[in-house]
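The values are calculated or read from the model by the stated rules, or taken from the named source; none is laboratory data. The shown structure was predicted, so the numbers you read here are calculated from the model rather than taken from an experiment. Glycine also receives a Cβ, built like all others from the backbone with ideal geometry; neighbour counts cover every protein chain displayed. Areas reflect the complete protein model, heavy atoms only, side chains present, ligands, DNA and RNA absent. Shrake-Rupley method; radii C 1.70, N 1.55, O 1.52, S 1.80 Å.
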Amino acid sequence: MITLENLRHRLATADAFPQLAILGVLAGLSTGLVMLMFRAIIELPLMALLPGHNSENFEGLAPLTRVCLVVGGAVLLGLWMQRLTPMRRSVGVVHVMERLNAHQGRMPLPNAIVQFVGGAAALLTGQSGGREGPAIHLGAAASSLLGQILELPNNSIRTLIACGTAAAIAGSFNTPLAGVIFAMEVVMMEYTIASFTPVILAAVTSTLLSQAVFGNHTAFVVPDDIRVHSLVEYPIFLLEGLLIGCVASAFLAAMERLSRLKIDTAWAGITISGITTGAICIVVPEVMGIGYDTVERALQGNIALGTLVAVLCGKVVVSAVTYALRVPVGIIGPTLVIGACTGAVLSAVGRLLAPEFASDTAIYVMLGMGAMMGAVLQAPLAALIAVVELTGTPNITLPAMLAIVVAVVTTNSLFRQRSVFLAALDARGLSYPADPVAQHLQRTGVVGVMDRSFVVSLERVTPDYATMALGREPRWIVVEGPQGPLYVIAASDLQHHLDHDQQERGGESIRLDEISSATMEVAPIDSRATMYEAWQVLKDSKVDALCVRRADASTVAITLGVLTREEVLRFARVNG
């Protein structure tokens, strides 16, 4: 019979494939349900209120209505966020990566509530941002909280974070493969077979749930039979990648400078963002909201060159201000819009200069989307898969690979820009990801490595009790006092004392710390901890061993096993 305790112990190992697969399905299901609620709370009101029942049609509103909506929404959102502590205001992808780095993926529920309410309010009032950032936070939180409720070991909660991230992107945009790659390339920054299995299942489960409600449709409709007309165009695709690398670098540099502004309150920052958006949307209403309707028009070639340039410039400014000043929205949506407009501008210029060589505008738009996303996130594979799944056009894979790689290299090598998320983490003083040895140690729980061959004893015992305890053939004697473990000795030391010294003393009681020359000081560690946490405790406390402890139903902590310094170091050397 498989019990929850057995499941926890099995998940503490690095190769619990069947158990992780079940967790992946559960994570996908819980995340999928959260995504359905989040999409519904945004799209249904907007479809009811915006002209043409189009949830993206902020352009159809009167100029004064647009300004009042976006500025008023920012003021109210800012006032609400101001009432929260700085810790509670931490949301989005950067928050997920921070919790993964410093808290073993244990996501707090209050921050998830703030993200749900704040993200929905921002998107409902037309702030310039995407829903993927909030979706990733909510998906990661839903999966992490599932693991916390079940009291699973921290190494499996880290895997659940990846499951929630993948399921959130897959369920929100009907892009299961892009969700998996994004979770591994951007958030986890590692590829392991053990992680891939549950993450894929989570993405599949969430996608099926989303398709059951919203249907199986791509996010963008692309004209039929688009293709690259000539190999002569590949130098132009390379040029597009170079151009978008420059745009992405300017975008990242603007966000970095804006994030350094000394703004005293959250209310002031969000209000400034709303006022900026409100001022620009008077002339360029397309900067409001996510902007996917603009991408659709660009794919169809229905936007004039002057409008494309205006949207491109306006979206860069507004999105940089919005994200840098901590409005709780995502950054990926705006990058797709900016890239699409840049690609459409290049296509329009190309048609004017050399119409006989120009492919369909949609080709350049899609390449622009992928290149901009890849450059800003420094995630070329995630961007490539995303643009293919969002548009349902696998025949652009080859030119997209070229444009994306050139854009990423231009941004990284030529302009020395880091990923938008890593730059934000660096500003908070966090190094991400952890070094390779730490990553290996984080994949395994202490329960999977600890030595279960031990007996618990009082500090002073009778010879009869000692003989009975040694009859179990333990390796360690854990000596406990009223407050918990005091120290650990090798069982062989007690056996030696019984065989020799005790014959001279007769039936006197034995004080265990007096019979061993190698008494090891101990520190407790929670049974949910990873081997990395064990290594950190040993390094910080200077003790010789750890007692793996778990609180039972009566909140009384019990010892499950012993983990010595030598065993931790040996595990790190062998597995790192």
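Close Cβ contacts (under 6 Å, 6 or more residues apart or on different chains) running from residues in region 470-498 that are farther than 20 Å from residue 564 by Cα to residues that are assigned to a loop (DSSP other than H, G, I, E, B) and at pLDDT below 90 comprise 497/515. Can you find a residue in region 129-140 that is under 17 Å from the mean Cα position of the chain (by Cα), in a loop (DSSP other than H, G, I, E, B) and at pLDDT below 95? So far as region 129-140 goes, yes, one or more of its residues are under 17 Å from the mean Cα position of the chain (by Cα), in a loop (DSSP other than H, G, I, E, B) and at pLDDT below 95. Filtering 210, 230, 156, 195 for residues that are more than 30 Å from residue 8 (Cβ to Cβ) and either open to solvent by less than 30 Å² (accessible area, probe 1.4 Å) or in contact with a strand residue (DSSP E or B) (Cβ under 9 Å, 6 or more places away or on another chain) (or both) leaves a single hit, 210. Pairing residues of region 196-218 that are outside any helix (DSSP H, G or I) with residues that are surrounded by fewer than 20 Cβ atoms within 10 Å (Cβ to Cβ), at Cβ distances under 7 Å and at least 6 apart in sequence or on separate chains, gives 218/392. Filtered by the rule that a residue be acidic (Asp, Glu) and open to solvent by 70 Å² or more (accessible area, probe 1.4 Å), region 424-453 gives 426, 435. Condition (residue is under 22 Å from the mean Cα position of the chain (by Cα) and surrounded by fewer than 18 Cβ atoms within 10 Å (Cβ to Cβ)) applied to region 40-55: is it met by at least one residue? No. Based on what the data block shows, is residue 407 assigned to a helix (DSSP H, G or I) and farther than 23 Å from residue 96 by Cβ? Answer is yes for this residue. Inside region 12-33, can you point out the residues that are farther than 21 Å from residue 211 by Cβ and open to solvent by 60 Å² or more (accessible area, probe 1.4 Å)? 15, 17, 18, 22 - these are the residues of region 12-33 that are farther than 21 Å from residue 211 by Cβ and open to solvent by 60 Å² or more (accessible area, probe 1.4 Å). Consider residue 256 carefully, then state whether it is charged (D, E, K, R) and either over 28 Å from the mean Cα position of the chain (by Cα) or open to solvent by less than 70 Å² (accessible area, probe 1.4 Å) (or both). Considered against the rule, which asks whether it is charged (D, E, K, R) and either over 28 Å from the mean Cα position of the chain (by Cα) or open to solvent by less than 70 Å² (accessible area, probe 1.4 Å) (or both), residue 256 comes out as no. Among the conditions (1) surrounded by fewer than 21 Cβ atoms within 10 Å (Cβ to Cβ); (2) out of contact with any Leu (no Cβ under 7 Å at 6 or more places or on another chain); (3) aliphatic (A, V, I, L, M), residue 183 misses just one, which is (1). So which residues in region 61-93 are among the β-branched types (Val, Ile, Thr), surrounded by 15 or more Cβ atoms within 10 Å (Cβ to Cβ) and not in a helix (DSSP H, G or I), if there are any at all? 91 - this is the single residue of region 61-93 that is among the β-branched types (Val, Ile, Thr), surrounded by 15 or more Cβ atoms within 10 Å (Cβ to Cβ) and not in a helix (DSSP H, G or I).
If we scan region 495-518, do we find a residue that is crowded, with 20+ Cβ neighbours inside 10 Å, of a type in the set (A, V, I, L, M) and modelled with pLDDT of 90 or more? Scanning region 495-518 turns up no residue that is crowded, with 20+ Cβ neighbours inside 10 Å, of a type in the set (A, V, I, L, M) and modelled with pLDDT of 90 or more.
Scanning for something at pLDDT below 95, open to solvent by less than 40 Å² (accessible area, probe 1.4 Å) and touching a strand residue (DSSP E or B) at 6+ places or on another chain (Cβ under 9 Å), does region 267-290 turn up at least one residue? Yes, region 267-290 contains a residue that is at pLDDT below 95, open to solvent by less than 40 Å² (accessible area, probe 1.4 Å) and touching a strand residue (DSSP E or B) at 6+ places or on another chain (Cβ under 9 Å). A count restricted to region 233-242 and to residues that are within 16 Å of residue 351 (Cα to Cα) and either surrounded by 14 or more Cβ atoms within 10 Å (Cβ to Cβ) or touching a Pro at 6+ places or on another chain (Cβ under 6 Å) (or both) stands at 6. Taking the criterion of being touching a helix residue (DSSP H, G or I) at 6+ places or on another chain (Cβ under 6 Å) and among the aliphatic types (A, V, I, L, M), the residues of region 276-292 that qualify are 280, 282, 284, 287, 288, 290. Scan region 108-152 for residues that are touching a Leu at 6+ places or on another chain (Cβ under 8 Å) and β-branched (Val, Ile, Thr) and the total you get is 2. Among the residues of region 336-389, which ones are touching a residue at least 60 places away in the same chain (Cβ under 8 Å), of a type in the set (S, T, N, Q) and open to solvent by 10 Å² or more (accessible area, probe 1.4 Å)? Within region 336-389, 361 is the sole residue that qualifies. Determine the pairs where a residue that is small (Gly, Ala, Ser), located within region 419-435, has a partner that is surrounded by fewer than 16 Cβ atoms within 10 Å (Cβ to Cβ) with Cβ atoms under 9 Å apart, the partner being 6 or more residues away or on another chain. Close Cβ pairs (under 9 Å, with a partner that is surrounded by fewer than 16 Cβ atoms within 10 Å (Cβ to Cβ)) amount to 427/260.
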